[in-house]
Amino acid sequence: QVQLVESGGGLVQAGGSLRLSCAASGRTYSSTYAMAWFRQAPGKEREFVAAISRNSNTDYADSVKGRFTISRGNAKNTLYLQMNSLKPEDTAVYYCAATALTISTMRREYDYWGQGTQVTVSS
């Protein structure tokens with residue numbers, strides 16, 4: 001089993017910044033897992049935001065490129081998402097996800113999910 005716990009969400013004004021964290025643990029968790037952030041706004045499908053591979057290769061949704069940065073802690077069991085220049089359209093519940101497979105933008109490739117953390121950006 002793998003447990004993922006997100007933190008760091010909150011309310012911020014447009015143009016502001018937030019840093020999300022995701023702590024990974026569990027008997028079967030491996031530092032070789034690829035990890036990702038997805039988000040889901042009210043009434044919308046859950047969508048890909050950013051992902052990072054075991055070798056720290058990264059991929060981003062076009063909507064967040066240049067504003068968001070995904071990274072992992074040195075022990076590889078913590079995932080971060082630095083979000084700058086936030087916009088009201090970034091408002092969503094943000095989910096951390098992990099997979100034993102390779103890095104992917106596809107939701108179905110991820111086996112493990114956190115409970116999510118709310119990010120609200122006011123205009």
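Hey, can you tell me all the residues within segment 88-110 that are open to solvent by 40 Å² or more (accessible area, probe 1.4 Å), within 18 Å of R46 (Cα to Cα) and either of a type in the set (S, T, N, Q) or in contact with a Gly (Cβ under 9 Å, 6 or more places away or on another chain) (or both)? Let's see the steps before the verdict.
In the first step, residues of segment 88-110 are kept if they are open to solvent by 40 Å² or more (accessible area, probe 1.4 Å); the result is 88-89, 100-103, 105-109.
Next, from what is left, pick out any that are within 18 Å of R46 (Cα to Cα): 88-89, 103, 105-109.
The answer is T105, and nothing else.
Which condition does V49 not pass, out of (1) more than 13 Å from the chain's Cα centre (by Cα); (2) of a type in the set (V, I, T); (3) open to solvent by less than 30 Å² (accessible area, probe 1.4 Å), if it passes all the others?
Condition (1) is where V49 drops out.
Any residue that is closer than 23 Å to G15 by Cα, in a strand (DSSP E or B) and open to solvent by less than 20 Å² (accessible area, probe 1.4 Å) - is there at least one of those in segment 54-63? Break it down stepwise before answering.
Residues of segment 54-63 that are closer than 23 Å to G15 by Cα, as a first pass: 59-63.
Imposing the further condition that a residue be in a strand (DSSP E or B) reduces the set to 59-60.
Right, trim to open to solvent by less than 20 Å² (accessible area, probe 1.4 Å) and you get none.
No, because not a single residue in segment 54-63 is closer than 23 Å to G15 by Cα, in a strand (DSSP E or B) and open to solvent by less than 20 Å² (accessible area, probe 1.4 Å).
Cβ contacts < 7 Å: first residue over 30 Å from A100 (Cβ atoms), restricted to segment 1-15; second residue charged (D, E, K, R) and modelled with pLDDT of 95 or more, any location; separation 6+ or different chain. Result?
Correct list of pairs: A14/K87.
Given A34, A51, A24, which one is closer than 18 Å to V93 by Cβ and in contact (Cβ under 8 Å) with a residue 24 or more places away in the chain?
Details: A34 fails: closer than 18 Å to V93 by Cβ; A24 fails: closer than 18 Å to V93 by Cβ.
Exactly one of A34, A51, A24 is closer than 18 Å to V93 by Cβ and in contact (Cβ under 8 Å) with a residue 24 or more places away in the chain, namely A51.
Testing Y29 on (1) part of a strand (DSSP E or B); (2) closer than 17 Å to V5 by Cα, one condition comes back false. Which one is that?
(1)
Going through M35, M83 one at a time, which residue ends up being surrounded by 14 or more Cβ atoms within 10 Å (Cβ to Cβ), among the hydrophobic types (A, V, I, L, M, F, W, C) and under 20 Å from L11 (Cβ atoms)? Steps first, answer last, please.
Working: M35 fails: under 20 Å from L11 (Cβ atoms).
Result of the check over M35, M83: M83.
Report yes if A50 is among the hydrophobic types (A, V, I, L, M, F, W, C), closer than 13 Å to L4 by Cα and in a strand (DSSP E or B), otherwise no.
Numbers: among the hydrophobic types (A, V, I, L, M, F, W, C): yes; closer than 13 Å to L4 by Cα: no; in a strand (DSSP E or B): yes.
Taking the combined requirement at face value, the residue does not satisfy it.
Could you say which residue among L11, L4 is modelled with pLDDT of 95 or more, of a type outside the set (K, R), surrounded by 14 or more Cβ atoms within 10 Å (Cβ to Cβ) and part of a strand (DSSP E or B)? Don't jump to the end; show me each part of the working.
Numbers: L11 fails: surrounded by 14 or more Cβ atoms within 10 Å (Cβ to Cβ).
L4 is the lone residue from the list that is modelled with pLDDT of 95 or more, of a type outside the set (K, R), surrounded by 14 or more Cβ atoms within 10 Å (Cβ to Cβ) and part of a strand (DSSP E or B).
Select, from A98, A75, the only residue that is modelled with pLDDT under 95 and either farther than 25 Å from V121 by Cβ or not polar (S, T, N, Q) (or both). Spell out how you get there, then give the answer.
On the way: A98 fails: modelled with pLDDT under 95.
The unique qualifying residue is A75.
Can you report the number of residues in segment 25-46 which are over 12 Å from the mean Cα position of the chain (by Cα) and not charged (D, E, K, R)?
The total comes to 11.
Write out, first by first residue and then by second, each pair whose Cβ atoms fall under 8 Å of each other, whose residues are 6+ apart or on separate chains, and whose first residue, in segment 76-89, is within 19 Å of G114 (Cα to Cα) while the second is open to solvent by less than 30 Å² (accessible area, probe 1.4 Å) and acidic (D, E).
Final answer for the pair search is M83/D90.
The values are calculated or read from the model by the stated rules, or taken from the named source; none is laboratory data. This is a predicted model, so every value here is computed, not measured. We place every Cβ from the backbone using ideal geometry, glycine too, and count neighbours over all the protein chains shown. Side chains are part of the model used for accessible areas, which takes the heavy atoms of the whole protein and leaves out ligands, DNA and RNA. Shrake-Rupley method; radii C 1.70, N 1.55, O 1.52, S 1.80 Å.
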